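I have placed the structure first, in the form of structure tokens, so that the comments after it can refer back to it.
The values are calculated or read from the model by the stated rules, or taken from the named source; none is laboratory data. Bear in mind the structure is a predicted one, so any value in this text is a computation, not a measurement. As a convention, Cβ positions derive from the backbone with ideal geometry for all residues, glycine included, and neighbour counts pool all protein chains shown.
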Amino acid sequence: MPVYATRRAAEAYGYSVGILLLDFRGAFVPGDVGNATTYPYPVLYKTVPGAAGARVLAGDPEIEGAVIEAAKWLESQGVKAISSDCGFFVNYQDAVAKAVKIPVALSSLIQLPFLSQFVGDRRSIGVITASSRALGNRVLELTGVEPEREVVVEGLQDQPHFKEACLDEGDELDTARIEAETVAVAKRMVKNHPNMGAILIECSMLPPYSKAVQDATGLPVVDFITLIDYVQKGTHQRAYQGYY
Amino acid sequence: MPTYRTRRTAESYGQAVGILLLDARAPFIPGDVGNASTYSYPVIFKTVPGLSTAVCLAGAPEYADAMAKAAKELEAAGVRGISSDCGFMLQYQKAVRNAVKIPVALSSLLQLPLIARTMDESRPIGVITADSTNLTDDFLARAGVKVKNPIVIRGMQDEPEFKTAVLKERGTMDSDLITKETVGIAKDMARKHPNMGAILLECSMLPPYAKAVQDATGLPTYDFVNLIDYLHRATHQCAYVGRY
């Protein structure tokens, strides 16, 4: 492709995935969806004005227009797929998918039916979320998971450091403390449900602790990054350099 | 973890994913599911004796026990996830996932619901399969793969090089010719369905051509290796070493 056309709407080139951000300030550490060094490819961020965590968790229809507008802007910049930094953007998944031409994977939760196919019929799937009060049956239904699958939801909303650092937008985040809280919740969940077959981590601030959760439970763990990596690969196929 | 315990059933260690193979002999080039250099992690292969390509494509429920037995042997060898080298192994997905404790993703076709979720439900998904005469809506429905989007299925069975090299196991294969055949079908499909949202390559011998298909159509293109990479990521979470 030796002749390239200028994309008039684009400020720069080569962005792989566009990521919609909550209108939120927190410490996005390496491994967080909101940290650019989490990815081996360039990502482009766009804050959705007015999309406070509480409104997205509730699926407030008033911000749907702003979410769509931000997604269209990312598309105009040349990204090949769109994700977000909050699993509760599942509330806007279908509206955004209808509004743009590129693949849309706004929520870690859309992996739930996919993951469900991988595990035995009698095994449960655990979901660790920022707020189990917000993640009720309505949201689970939006994920498309089949009703026969047992889904166990545990929230971090009552863990002291997660609450102050992540939910209440604190100025400091101690990764050792969040890791301890997340692992404790995961271990308790597995202890109460010994038939658990896999864990899905909903919150975009928790992938830094996925390895610790996996090491502690021995279970498959998917999170926001496994989803973003998946759509990235599906939109950036590669040449193989192996041997025969 | 300074003390390690011998796994008495393991011949070697560090194998990430186990891959069940059809009883077939054909050139598995780089990018093929059956070529170890396709992956950035170690895999082990296990052939299911007697389960030839023709038998599997035609549907062979009598092999469910043999598949489960082979999967258990891979599990005992220490792999953390199980896949296969034929999308038609979808027929054994439930039997195998119920036979082992580790996650099972035998078929590229398991990706259909997730791919569908990333786009509006009115947009067709194109599937390029080894044999469209056997890949029917009924086959998908029996395996529990349900999507609202229209599925456009096209087969490689009448393409001369694919037919003789892959289906008839001629003994040699010209990858330039297979590229032309695959891209030809993809372009024709995209032309007839201008609203197509993505392409899925069913066959485990087609990932080497996914980039050519993507370049020719501009569409998101998913294949067997995308599924296996996802399974690997879910079972081997990583530590992040980025910057803040």
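Observations on the model:
- The residue of segment A:169-180 that is nearest to residue A:30 (Cα to Cα), among those that are within 19 Å of the chain's Cα centre (by Cα) and assigned to a helix (DSSP H, G or I), is A:175.
- Qualifying residues in segment B:170-208 (those that are farther than 21 Å from residue B:124 by Cα and hydroxyl-bearing (Ser, Thr, Tyr)) - the one surrounded by the most Cβ atoms within 10 Å (Cβ to Cβ): B:204
- Scanning segment A:111-139 for residues that are of a type in the set (S, T, N, Q) and surrounded by fewer than 16 Cβ atoms within 10 Å (Cβ to Cβ) yields a single hit, A:137.
- Residues located in segment A:181-205, provided they are assigned to a helix (DSSP H, G or I) and either aliphatic (A, V, I, L, M) or more than 27 Å from residue A:105 (Cα to Cα) (or both): A:181, A:183, A:184, A:185, A:186, A:187, A:188, A:189, A:190, A:191, A:192
- Unmet criterion (only one of (1) in contact with a Lys or Arg (Cβ under 9 Å, 6 or more places away or on another chain); (2) in the same structural domain as residue A:195 (by TED's automatic domain parsing)) for residue A:102: (2)
- Against the list (1) under 14 Å from residue A:20 (Cα atoms); (2) of a type outside the set (Lys, Arg); (3) assigned to a helix (DSSP H, G or I); (4) more than 16 Å from the chain's Cα centre (by Cα), the condition residue A:90 fails is (4).
- Qualifying residue in segment A:62-76 (condition: touching a residue at least 12 places away in the same chain (Cβ under 8 Å), touching a helix residue (DSSP H, G or I) at 6+ places or on another chain (Cβ under 6 Å) and under 21 Å from residue A:229 (Cα atoms)): yes
- Restricting attention to segment A:140-159, the residues that are surrounded by fewer than 14 Cβ atoms within 10 Å (Cβ to Cβ) and either outside any loop (DSSP other than H, G, I, E, B) or touching a residue at least 60 places away in the same chain (Cβ under 8 Å) (or both) add up to 1.
- Residue within segment B:4-13 that is of a type in the set (Val, Ile, Thr), surrounded by fewer than 16 Cβ atoms within 10 Å (Cβ to Cβ), outside any strand (DSSP E or B) and free of Cβ contacts under 8 Å to residues at least 40 places away in the same chain present: yes
- Remark: residue B:48 falls outside the filter, which requires a residue to be within 15 Å of residue B:225 (Cα to Cα) and either out of contact with any Phe, Trp or Tyr (no Cβ under 6 Å at 6 or more places or on another chain) or of a type in the set (Val, Ile, Thr) (or both).
- Subset of segment B:215-244 (residues that are among the aromatic types (Phe, Trp, Tyr) and either free of Cβ contacts under 8 Å to residues at least 40 places away in the same chain or within 8 Å of chain A (Cβ to nearest Cβ) (or both)): B:222, B:230, B:240, B:244
- Residue in segment A:94-110 that is farthest from residue A:205 (Cα to Cα), counting only those that are assigned to a helix (DSSP H, G or I) and within 7 Å of chain B (Cβ to nearest Cβ): A:98
- Scope segment A:225-244; condition at the interface with another protein chain (Cβ under 7 Å from one of its Cβ atoms), in a helix (DSSP H, G or I) and more than 16 Å from residue B:239 (Cβ to Cβ); matching residues: A:230, A:231, A:233, A:234, A:235
Quick grid of which residues meet (1) farther than 30 Å from residue A:42 by Cα; (2) in contact with a Lys or Arg (Cβ under 7 Å, 6 or more places away or on another chain):
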site	(1), (2)
A:180	yes, no
A:196	yes, yes
A:200	no, no
A:218	yes, no
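- Residue match in segment A:55-62 (condition: under 13 Å from the mean Cα position of the chain (by Cα) and of a type in the set (D, E, K, R)): no
- Subset of segment B:190-214 that is more than 8 Å from chain A (Cβ to nearest Cβ) and part of a helix (DSSP H, G or I) - its residue that is nearest to the chain's Cα centre (by Cα): B:209
- Residue match in segment A:206-224 (condition: more than 22 Å from residue B:104 (Cα to Cα), more than 13 Å from every other protein chain (Cβ to nearest Cβ) and not in a loop (DSSP other than H, G, I, E, B)): no
- The criterion of at least 1 residues that are facing chain A (nearest Cβ under 8 Å) and farther than 18 Å from residue B:167 by Cβ is met, among helices (runs of 4 or more DSSP H) falling completely within segment B:27-131, by B:93-97, B:112-117.
- Residue in segment B:204-220 that is charged (D, E, K, R) and either at pLDDT below 95 or farther than 18 Å from residue A:240 by Cβ (or both) present: no
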